[in-house]
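Engineer: Here you go, one structure.
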Amino acid sequence: MSKKEWLTPNEVAKLLLVSPITVRQWAQKGKLEARTTAGGHRRFSMEAVRQFAIREGIAPRLRDKGKRSILIVDDDEQLNRFLVELFKAKQPGALVESAFDGFEAGSKLHQAQPDVVLLDLMMPGMDGFQVCERLKSDIETMHIEVIAMSGHYSEENEEKIMEAGADKLLRKPFSNREVLDACGFINRDLGLPPS
């Protein structure tokens, strides 16, 4: 996963699915924070773009087919397989992928482009904190929601994963409803009451 700190107006436009002129107008109006290079060109920090997209409600969604897609990342094979089956059962036709470690997750992120990553914090090799940091620092994946999960909850871990860019932390064990709701899979189509 590439790590890029500063983006051109064209890169921001591509990420947010707007024209480069719109990006320049946002910068001129002070809505999107920009720096100017010695040559007079605008550059945007990844974090400024991310915060702007969240604030304006325009974080990109690459799929809009009524079905959410998810990548489940957990080294516990039994839990991983159970979650895959749960999501497939509750939303038939949804794209449900799984990875058993952080490295496999990295390669699947760019291929699958999920709407949500359900991410275990404690895994051998690359842990969930590192996966989340990389995902949120990459222009191609920064818009993906991250729902972290951990059987070793602590306030320190929660603070650390939220700082890395996660949207929520679930404590294991959690109910089927809790995980479906956290990942946005509970809706009228599933026959479940709203949370």
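Engineer: Which shape class, rounded, prolate or oblate, goes with the stretch 70-190 when its Cα gyration tensor gives a ≥ b ≥ c as root eigenvalues, a/c under 1.5 marks rounded, and past that a/b bigger than b/c marks prolate? Could the numbers behind the result be given before it?
Structural biologist: Details: a/c = 1.44, a/b = 1.22, b/c = 1.19.
The shape class here is rounded.
Engineer: Considering only DSSP beta bridges where both residues belong to the chain, give the percentage that are antiparallel (nearest 5). Write out the running numbers ahead of the final one.
Structural biologist: Values: 4 of 21 bridges.
Around 20 percent of the beta bridges assigned by DSSP in the chain are antiparallel ones.
Engineer: Separate question: Sort Val18, Val96 by Cβ crowding within 10 Å, fewest neighbours at the top.
Structural biologist: Val18, Val96
FYI, it's all coordinate maths here, none of it is from the lab. All figures in this text were calculated on a predicted structure; none of them were measured in a lab. Here the Cβ is made from the backbone with ideal geometry for all residues, glycine too, and neighbour counts use every protein chain on show.
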